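We did not get these values from a lab; they are worked out from the coordinates using the rules stated. None of the values given here were measured: they were computed from a predicted structure. Here Cβ is always computed from backbone atoms with ideal geometry, including for glycine, and neighbour counts include all displayed protein chains.
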Amino acid sequence: MTIRQPKPLILLGLILVFFVIQNYLDIKSGELVSLAYESGWLLLGSFIILALYGMRKKFPFLPIGKTSSWLQLHLGIGLLSGYLFLVHSGFAWPQGSFEVALYFIYLLLMGSGFIGWFIMRWLPKPMRADVENLHPSRIPFRRSEILEEADALVLKVEEGALSERIIMGYTEVIRPFLNARPGLLHSKRHNELEIPTPIVQKLALYLPPSILFSTESSRPFHKLIREKSDLDRMIVHQRWIRGWLFLHVPLTAVLFILIALHIFLVLGFSSGGAS
């Protein structure tokens, strides 16, 4: 798992914003003004800023800063909104059913946000530049091409002492792997061969992989196995990211609806003279 260091200007800006907001709230508290009203509008502003990150990702070509910078700003504002949410709720568990629902949805949204950040940092990127630049829609076609290339290669294996072992290893281990769909998690890679460890262990039953992949006729199989493994890792990555977005985006929409309703009720009661 890799964690990028926050950019100094972004970190400094977030710290400055925190102290400005805290000073503002301290002044209002000294004036015996309810912090729920003041913190509520600040909290709404933070939600709007957080939503801008999703819009920024839809227009990556715009010259308005790097996506990585926006992500760091998004995470920092997310933490700040968490503090404002606690201030707004009075650092206490809400009482009414509507307030409990709002509280619960917010916690789920914030938790899912940091889970998404963890997934993006934890899931490894593809190891090969050509695979990394492959469009996701091309992955099924490339997987089919890899299997066809491997079938063509095994027909060209020259007769010899190792040919029978190579063909058996291909038929029993390599081809089933090339034809299989990736699971929910990717397999651990072998340190030296850079292919899934289970494949290395299964091939060892026929011939040590270090010997198997050292011959001229079998070396291309190693390249195809490694490429197919990279594609599988890309598919697993996409599944996790899409699954996270399937949770995070609807929660965001639900929370904004609840916030709008909350503001409507608060302003409605205020205009009616209720406290």
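Ordered by residue, what ³J(HN,Hα) values in Hz, to whole numbers, does the range 39-52 give under the Karplus form 6.51 cos²θ - 1.76 cosθ + 1.60, where θ = phi - 60° and Gly and Pro are x?
These are the phi-based 3J(HN,Hα) values: 5, x, 5, 5, 5, 4, x, 5, 5, 5, 5, 5, 5, 5 Hz.
HN-Hα J couplings of the range 69-76 from phi, Karplus 6.51/-1.76/1.60, θ = phi - 60°, integer Hz, Gly and Pro as x?
5, 5, 5, 5, 5, 4, 5, x
Give the angle, between 0 and 90 degrees and rounded to the nearest 10, that separates the Cα long axis of helix 8-30 from the longest principal axis of the Cα atoms of the chain.
30
Report, in deg cm²/dmol and to the nearest 500, the calculated mean residue ellipticity at 222 nm for the chain, where each DSSP H run with n ≥ 4 adds -39500 (n - 2.57) and the sum is divided by the residue count.
It comes out at -23500 deg cm²/dmol, rounded to the nearest 500.
Just going by the charge dipole of the chain, with Lys and Arg at +1 and Asp and Glu at -1 on Cβ, which of 246, 182, 53 is farthest out on the positive end?
Result: 53, furthest along the dipole toward the positive end.
Go through 87, 255, 144 and say which Cα lies farthest out towards the positive end of the charge dipole of the chain; charges sit on Cβ, +1 for Lys and Arg, -1 for Asp and Glu.
Highest projection toward the positive end goes to 144.
Under a point-charge model restricted to the Cβ atoms of Lys and Arg (+1) and Asp and Glu (-1), what is the dipole moment magnitude of the range 129-236 relative to its Cα centre, in debye to the nearest 20?
For the range 129-236, the charge dipole is close to 400 debye.
Would you mind finding the longest exposed-site-free stretch of the chain, with exposed GluC sites (Glu not before Pro) meaning DSSP loop and at most 11 other Cβ atoms within 10 Å?
32-157
In terms of modelled amide H atoms, which long-range or inter-chain residues lie less than 5 Å from the amide H of residue 189?
So residue 189 has HN proximity to 197.
Please work out which option in [x] 124; [y] 142; [z] 169 gives volume of the Cα convex hull per residue in Å³ calculated from these coordinates, and answer with its label.
Label [z] holds the value from this structure.
Given the options 264, 237, 205, identify the residue whose Cα lies farthest towards the positive end of the charge dipole of the chain (+1 on Cβ of Lys, Arg; -1 on Cβ of Asp, Glu).
Towards the positive end, the residue furthest out is 237.
Read phi for every residue in the range 170-182 and hand back ³J(HN,Hα) as whole Hz from Karplus 6.51 cos²θ - 1.76 cosθ + 1.60, θ = phi - 60°, with x for Gly and Pro.
Ordered by residue, 3J(HN,Hα) equals 5, 5, 8, 10, 5, 5, x, 5, 5, 8, 7, 7, x Hz.
What whole-number distance in Å separates the alpha-carbon centres of the range 210-274 and the range 1-51?
Centre-to-centre (Cα) distance: 27 Å.
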